[in-house]
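A short write-up of the structure that comes next.
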Amino acid sequence: MYQKPEYLSQINDCLVNGNYLKARKLLKENYKCNSHILNQYYGLLENIENNFYRSKEYFNNCLVFRRKEFSALLSLVKVHVQLGDYGVAKEILTNLQKKESYYYQATIDLIYIYILLKDYEQAYYWYQTIDFENVSARIYKHGQIIKTYLLKALGKYDMLSKIDCATNYTAVRIINNSDEDLFRHVRKHINLNNEYADDKFFSNIDMNKLLKVINKEIATLNPNHFEVSDIYRFSLDEPIGYKDKEFTNDIAVVTVLDTKCIITMYPIKLSNEFDIENNARNEELKLKRQNKLL
């Protein structure tokens with residue numbers, strides 16, 4: 001009976017928990033070009049760390065694995081979106097929609113593209129083709145976030161007022177951009193026990209001061225698009241919390257897609273190869289994403 005190697009679980013945990021330094025170390029130590037899962041993880045890591053062209057190479061490697069080509073295409077779509085190649089991404093998704101088992105994810109990704117293109121009518125059209133009443137609780141919650149975003153963007157405030165999103169924090173943030181709501185949520189990421197604890201800010205951190213620094217920083221950065229949110233990852237001048245029981249200066253800031261409205265933020269650990277392609281501050285990429293570069 002096949003047993004998954006321990007390092008695969010460790011890599012996955014590092015990617016999920018924001019320890020990209022350790023994830024890269026494990027990938028370098030164990031990478032095999034003929035492994036689909038390792039190419040997938042490497043592609044994901046490079047995408048997370050803003051190295052979009054590198055990510056594209058690893059996901060392209062996944063296309064050669066039998067019965068993995070369609071999931072590889074979905075991964076490639078995410079890179080094409082990062083690079084502002086919306087036309088290429090839409091073409092791939094339109095073809096994937098013809099395959100029943102991929103219709104849902106392909107349609108969701110298509111909705112995100114139309115949101116980035118600010119074609120909210122088309123995004124809402126595709127949203128309405130999905131039956132969110134007969135899905136899992138997780139997917140239903142996801143659909144609620146998309147619906148809230150689109151109703152607000154379309155100015156359908158009468159329909160927006162009928163959505164009960166009290167238990168959906170992201171939906172609440174879309175409707176109400178309140179610093180108090182944000183601070184209340186971020187307090188979950190503060191280390192109140194003054195002990196080493198992963199993903200926690202220092203207990204004495206000045207959140208108002210931190211928020212000012214963050215808002216100034218993300219104002220000039222290209223975001224990393226992730227579904228209905230944008231994520232900014234960068235380093236600060238001083239340590240802010242813990243990762244892997246060590247101090248870290250690195251932070252992830254999550255905002256509502258195509259806005260600077262912060263949903264949450266938490267300490268992470270970036271690798272020494274983070275954004276070596278300089279995509280976070282690339283003005284040409286910013287214009288291309290905004291559909292202003294012909």
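The values are calculated or read from the model by the stated rules, or taken from the named source; none is laboratory data. All figures in this text were calculated on a predicted structure; none of them were measured in a lab. Don't worry about glycine lacking a Cβ; one is built from the backbone with ideal geometry, like all the others, and counts go over all protein chains shown.
Details
- Just one residue in the set Leu210, Leu221 is modelled with pLDDT under 95 and hydrophobic (A, V, I, L, M, F, W, C); that residue is Leu210.
- Unmet criterion (only one of (1) over 30 Å from Leu110 (Cβ atoms); (2) not in a helix (DSSP H, G or I)) for Ala280: (1)
- Whichever residue in segment 1-51 is more than 20 Å from Leu76 (Cα to Cα), assigned to a helix (DSSP H, G or I) and hydroxyl-bearing (Ser, Thr, Tyr) and, among such residues, is modelled with the highest pLDDT: Tyr20
- The residues listed here are Phe70, Phe59; of these, the one that is within 19 Å of Ile276 (Cβ to Cβ), in a helix (DSSP H, G or I) and touching a helix residue (DSSP H, G or I) at 6+ places or on another chain (Cβ under 7 Å) is Phe59.
- Inside segment 101-125, residues that are farther than 11 Å from Leu150 by Cα and either in a helix (DSSP H, G or I) or within 15 Å of the chain's Cα centre (by Cα) (or both) make up a count of 12.
- Some residue of segment 80-93 being acidic (Asp, Glu) and assigned to a helix (DSSP H, G or I): yes
- Strands (runs of 3 or more DSSP E) wholly inside segment 198-251 containing at least 3 residues that are without any contact (Cβ under 8 Å) to a residue 60 or more places away in the chain and not charged (D, E, K, R): 229-235
- Identity of the residue in segment 240-256, surrounded by fewer than 20 Cβ atoms within 10 Å (Cβ to Cβ) and at pLDDT below 90, that ends up nearest to the chain's Cα centre (by Cα): Asp244
- For segment 151-188, filtered to residues that are in contact (Cβ under 8 Å) with a residue 12 or more places away in the chain, closer than 27 Å to Leu211 by Cα and among the hydrophobic types (A, V, I, L, M, F, W, C), the residue that is surrounded by the fewest Cβ atoms within 10 Å (Cβ to Cβ) is Phe183.
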